[in-house]
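One structure below.
The values are calculated or read from the model by the stated rules, or taken from the named source; none is laboratory data. What you see is a predicted model, and the numbers here were worked out from it, not measured in a lab. Here Cβ is always computed from backbone atoms with ideal geometry, including for glycine, and neighbour counts include all displayed protein chains. Note: accessible area is taken over every heavy atom of the protein model, side chains too, but ligands, DNA and RNA are not part of it. Shrake-Rupley method; radii C 1.70, N 1.55, O 1.52, S 1.80 Å.
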Amino acid sequence: MREYSGKSVFGGIAIGKISVYKKNEQQVKRVHIEDCEKEKERYNRAVAQAIDELKELYDKAVKEVGETNAAIFEIHQMMLEDDDYKESVHNIIDNQEVNAEFAVAATGDNFALMFSSMEDEYMKGRAADVKDISERLVKILSGGSESSISGSEPVIIIADDLAPSETVQLDKNMVLSFVSVGGSSNSHTAILARTMGIPAMIGTPIPLDESVDGKQGIVDGYNGVIYVDPDEDIIEKMMELQKQDIEKKKLLQTLKGKENVTLDGKHIKLYANIGNIKDLLTVVENDASGIGLFRSEFIYLERDDYPTEEEQFKIYKTVVETMAGRQVIIRTLDIGADKQCDYFKMDKEENPAMGCRAIRICLTRPEIFKTQLRALFRASAYGNLAIMYPMIISTEEVKQIKEIEETVKKELTEQGINFGNPQIGIMIETPAAVMMSYELARMVDFFSIGTNDLTQYTLAIDRQNTKLDDFYDPHHPAVLRMIEMVVENAHKAGIWAGICGELGGDTELTGQFLKMGVDELSVSPGSVLTIRKKIRETDTSAL
């Protein structure tokens, strides 16, 4: 038996045969050509075919993992149409009089090197994307075929890395798990794997040869370990864990319809975080009491131009109507940092995490902000909608927001358009907001603590930088004290305070949050019943 440790990106136990996934090797040869124009036309036809293929992949991914996670294939289409990429290929063909395959491969290598050398982690991740589109073009130009999984039984896939296009093409019925040598936990592939619910590991130093191919394997996605040719003891242990997993899921289903109340009678709101309308089904299936965070920025990220008021209104209206009276908290536009929209034409920033993002964009571009607010206020007439503003650091910002709100409501009234009376809240995700929480609490109806950014800014650690994982501690006492301070100041002002960041779903802290008096926890839909179980088993008087 051999065992290899990596980093888990999705938990679970997978037992089955191992299949080493190897890309079809693209042997690109440099060939002298006489007719450069004809070669460039051949390249252009390959681009058109690649775009058609990506559109099909996008449609497939939308059905399987939703619009947000399928967006990578739209990004790949845009990269194929990028003028810089196209000009580079054309120039190499013209200047060196070489075949399109060689020009594409050279351009892909050059662009990948450029992206990988950037300091920004998001931009580094684009290196894999440009390699993916270049390999696709070379495959088309050379008449190659897609890599695939052979065999008739589900397998554990081992690979150097899997590009998003490869991941989405996998037949889920034939995949038990995947383990990669490379990759990062923030890559598109990892996100897709989590959404598809496939136990997965990255950064695993496992050989990609016949020493593992076809062997029996077990992936322990909880602990980030893969066993090759496991012995009887490990097989027995892992089969028992797998059985327990199934039983746990069955038991969690019995919690549907139950109250979110502790043993000593404390009630708490248990909501879900979502990114688009397609996530609503999982919210309902997991019996969340409401939506604590609707990330409206994905409406912008999934488009190549500003969404109109009417487009936004229809989305917000659908959400509140579907939730049938349960509260829906919609966060206003929160782009910037690692979430970029090209059509916003934002200036390049040395430190985007601390730059023009979220509410700062809204207050400096009021025409965009007012369009969203009009849609939100209109939708509030159709259900229990609340509006939440991100990245607040001062009372002055809240005053500016209220002035814009009043302008919007006045315009709607003058136009005879109905709107409701939504609760107004702010996200507490900066140390400044924590320190000002006593004053801020007297200006709004609720707080929602964004623990991801609050931890990042409190510890002065970029949460996207995997090299600092050993230093990044979301359980740091400073972070927990800040959360407690925010809750205390909210209650002094008579408003409620919740948590919508990743810590909300951390069962190690559930009891501590309940003892602090946190009023609401908003977590991923799949975690709702797990947190409900923890709440119902907790006696805060004994903590």
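For the pair K345 and I368 in one chain, pulling the backbone fully straight at 0.36 nm per residue adds 6.9 nm over the alpha carbon distance.
Based on the Kirkwood radius over alpha-carbon pairs, what is the Stokes-Einstein translational diffusion coefficient of the stretch 199-260 at 25 °C with 0.890 mPa s viscosity, in µm²/s?
Numbers: Rh = 14.0 Å.
Answer, rounded: 175 µm²/s.
Here the translational diffusion coefficient of the stretch 1-107 follows from Stokes-Einstein with Rh set to the Kirkwood radius across Cα pairs; for 20 °C and 1.002 mPa s it amounts to 125 µm²/s. Normalising the Debye intensity of the chain to I(0), with uniform scatterers on Cα atoms only, and taking log10 at q = 0.12 Å⁻¹ returns -1.26. What a 1.4 Å probe finds exposed on the stretch 214-323 is 51% carbon and sulfur by accessible area, rounded to a whole percent. In the chain, the longest principal axis of the Cα atoms and the axis of helix 366-379 are about 70 degrees apart. A simple spin-label model places the labels of R303 and H32 5.4 nm from each other, with each point 7 Å out along Cα-to-Cβ.
A protection proxy built from the mean count of other Cβ atoms within 10 Å ranks the segments 79-87, 517-525, 306-314, 216-224, most packed first, as 517-525, 216-224, 306-314, 79-87. Along the stretch 46-54 the Karplus relation, 6.51 cos²θ - 1.76 cosθ + 1.60 evaluated at θ = phi - 60°, assigns HN-Hα couplings of 5, 4, 4, 5, 4, 5, 4, 4, 5 Hz to successive residues, with x for each Gly and Pro.
Once the Cα atoms of helix 83-96 and of the chain are each reduced to a long axis, what angle between those two axes, in degrees from 0 to 90 to the nearest 10, is obtained? For helix 83-96, the angle is close to 20 degrees. Between helix 232-253 and the chain there is an angle of about 40 degrees, using the helix long axis and the longest principal axis of the Cα atoms. For N418 and L113, the difference between the fully extended length at 0.36 nm per residue and the C-alpha to C-alpha distance is 104.4 nm. State which entries of K399/K467; K269/K399; K248/K467; K124/K250; K86/K278; K348/K370 exceed 31 angstrom in Cα-Cα distance in the structure shown. With Cα atoms farther than 31 Å apart: K399/K467; K248/K467; K124/K250; K86/K278. Applying 0.36 nm per residue to the separation of K22 and H491 and subtracting their alpha-carbon distance, the gain on full extension is 163.1 nm. Annotation: amide H of F10 within the under-5 Å range of A200, sequence separation 5 or more or interchain, hydrogens built in the peptide plane.
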